[in-house]
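Undergrad: Could you have a look at this structure, given as structure tokens, before my questions?
Bear in mind that the values in this text are calculations on the coordinates, not laboratory data. Please read all numbers here as calculations on a predicted model, not as lab measurements. With ideal geometry, Cβ positions are generated from the backbone for all residues, glycine too; neighbour counts draw on all protein chains shown.
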Amino acid sequence: MLKYLGAGGVGAAGLYGLYNLLKESKETKKMESKKSAEKWIQKAIEQPGALKKQLGVPKEEKIPAAKLETAAEKGGKLGRRARLAQTLKGLGKRKD
């Protein structure tokens, strides 16, 4: 970039073009990050039912809250899945 600013470099029109190019790339990154942020839940849930399988809970039953809390304290995939389940559990509730 410094070579454009030095003597004998590109004039004002060239600098304006370079400025627009940088501006466009920033706007494109913002749009891409917004699109990916909209679908973060779908991306986070790669294997539906994996947490229940790890905890030994049948598919048709709900995971008990105490079991979910103890799993959330653990590390690894089990802990991450349990913490995500706790987060998603609270998303649908409204506080009036």
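Undergrad: Excluding Glu60 itself, calculate the net charge of residues whose Cβ lies under 15 Å from the Cβ of Glu60, where each Lys or Arg counts +1 and each Asp or Glu counts -1. Before the final figure, lay out the partial values.
TA: Values: positive: Lys52, Lys53, Lys59, Lys62; negative: Glu61.
Summing Lys/Arg as +1 and Asp/Glu as -1 gives +3.
Undergrad: Find out how many positive minus negative residues lie around Lys77, taking Lys and Arg as positive, Asp and Glu as negative, among other residues whose Cβ is under 12 Å from that of Lys77. If you can, show how the numbers build up before the last one.
TA: On the way: positive: Lys53, Lys74, Arg80, Arg81, Arg83; negative: Glu46.
Here the count lands on +4.
Undergrad: How big is the Kirkwood radius of region 41-91, worked out from every pair of different alpha carbons and given in Å to one decimal? Display every interim value, and only then the final one.
TA: Numbers: mean 1/r = 0.0906 Å⁻¹.
Mean inverse Cα-Cα distance, inverted, gives 11.0 Å.
Undergrad: While we're here: At 0.36 nm per residue, minus the direct Cα-Cα distance, what do Ile45 and Arg80 gain on full extension? Give it in nm, one decimal, please.
TA: Values: separation 35, 0.36 × 35 = 12.60 nm, distance 1.10 nm.
Length difference between fully extended and current span is 11.5 nm.
Undergrad: Would you mind computing, in nm to one decimal, how far apart the modelled labels at Leu15 and Lys95 are, each placed 7 Å from Cα along Cα→Cβ?
TA: 5.1 nm
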